[in-house]
Amino acid sequence: MCVFGFKGGERLKFGDVVTAVASLAVITTLLDSVLLAVFIPVMSGKGTAVAGILSTLVASLIVGYLFALKIQEESRRGAIASIVVLFTVVSMLATIAFIANPLVSPAVKENMDSMFSTSGWTNYDWFDAMFMVVALNVVIALVFGFIGLYAGSMLRKPKKS
């Protein structure tokens with residue numbers, strides 16, 4: 001018996017994918033909050049992007065290591081892809097909910113105003129800018145999630161029977 005009660009020979013089930021995604025989301029959120037406190041004072045606007053990338057990568061490494069035995073039993077790329085796709089959907093919905101939050105929207109608008117001249121922007125321009133933020137988060141979740149899970153699953157060697 002190993003971490004999370006997985007034994008050798010078991011395949012990755014949908015419940016395992018959900019557990020991996022939930023673990024990934026929680027660890028990413030915790031790491032992101034710590035890294036934001038570190039990088040925002042140092043890098044200002046770019047600190048949020050660096051914190052997001054690093055938290056996704058490190059959390060994916062951890063979850064890949066924890067679920068390595070399950071991932072290795074199944075097709076490695078297929079198992080990792082199912083985890084990453086579900087995590088990307090969760091990440092996308094969380095980003096949309098975060099941007100739509102009325103308490104956050106003024107901060108987002110202030111950040112956009114400081115980066116660009118937004119005085120003449122239409123609603124479509126704002127929608128387009130927010131779509132790009134969501135698209136960037138999706139790309140980060142897909143790319144760095146896959147890299148982290150793959151590398152994390154490679155760290156733990158399968159048990160010899």
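The values are calculated or read from the model by the stated rules, or taken from the named source; none is laboratory data. Remember, it's a predicted structure, so these values are computed and weren't measured experimentally. Cβ atoms come from the backbone with ideal geometry, glycine included; neighbour counts cover every protein chain shown.
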Problem set entry | residue 58 vs. criteria at pLDDT 95 or above and touching a Ser or Thr at 6+ places or on another chain (Cβ under 9 Å) | yes
For this session: Give the residue that is modelled with the highest pLDDT, with candidates limited to residues of the range 1-26 that are among the charged types (D, E, K, R) and surrounded by 13 or more Cβ atoms within 10 Å (Cβ to Cβ).
Result: 16
Problem set entry | Selected residue (only one of 68, 100 is surrounded by 15 or more Cβ atoms within 10 Å (Cβ to Cβ) and modelled with pLDDT under 90) | 68
For this session: Mind listing whichever residues of the range 30-79 are among the β-branched types (Val, Ile, Thr), under 21 Å from residue 151 (Cα atoms) and free of Cβ contacts under 8 Å to residues at least 24 places away in the same chain?
Result: 50
Exercise. If only one of 134, 84, 143, 89 is within 30 Å of residue 16 (Cα to Cα) and either in contact with a Pro (Cβ under 9 Å, 6 or more places away or on another chain) or touching a residue at least 60 places away in the same chain (Cβ under 8 Å) (or both), which one is it?
Worked result: 84
Seminar exercise, completed: Given the conditions (1) under 22 Å from the mean Cα position of the chain (by Cα); (2) over 17 Å from residue 88 (Cβ atoms); (3) of a type outside the set (Gly, Ala, Ser), every one holds for residue 112 apart from (1)
For this session: Can you work out which of the residues in the range 35-55 that are of a type outside the set (A, V, I, L, M, F, W, C) and modelled with pLDDT of 85 or more is farthest from residue 92 (Cα to Cα)?
Result: 55
Problem set entry | Answer from 93, 61, 57 - the residue that is part of a helix (DSSP H, G or I) and loosely packed, with under 15 Cβ neighbours inside 10 Å | 93
For this session: Only one of these is among the small types (Gly, Ala, Ser), within 30 Å of residue 23 (Cβ to Cβ) and surrounded by fewer than 18 Cβ atoms within 10 Å (Cβ to Cβ): 119, 75. Name it.
Result: 75
Problem set entry | Enumeration of residues in the range 36-51 that are at negative phi and either outside any helix (DSSP H, G or I) or over 14 Å from the mean Cα position of the chain (by Cα) (or both) | 36, 37, 38, 39, 40, 41, 42, 43, 45, 46, 47
Exercise. Does residue 81 qualify as being crowded, with 19+ Cβ neighbours inside 10 Å, more than 19 Å from residue 108 (Cα to Cα), hydrophobic (A, V, I, L, M, F, W, C) and over 12 Å from the mean Cα position of the chain (by Cα)?
Worked result: no
For this session: Go through (1) part of a helix (DSSP H, G or I); (2) under 23 Å from residue 55 (Cβ atoms); (3) of a type outside the set (Asp, Glu) and name the single condition residue 106 misses.
Result: (2)
Problem set entry | Members of the range 127-153 found to be more than 17 Å from residue 56 (Cβ to Cβ) and surrounded by 15 or more Cβ atoms within 10 Å (Cβ to Cβ), listed by number | 129, 130
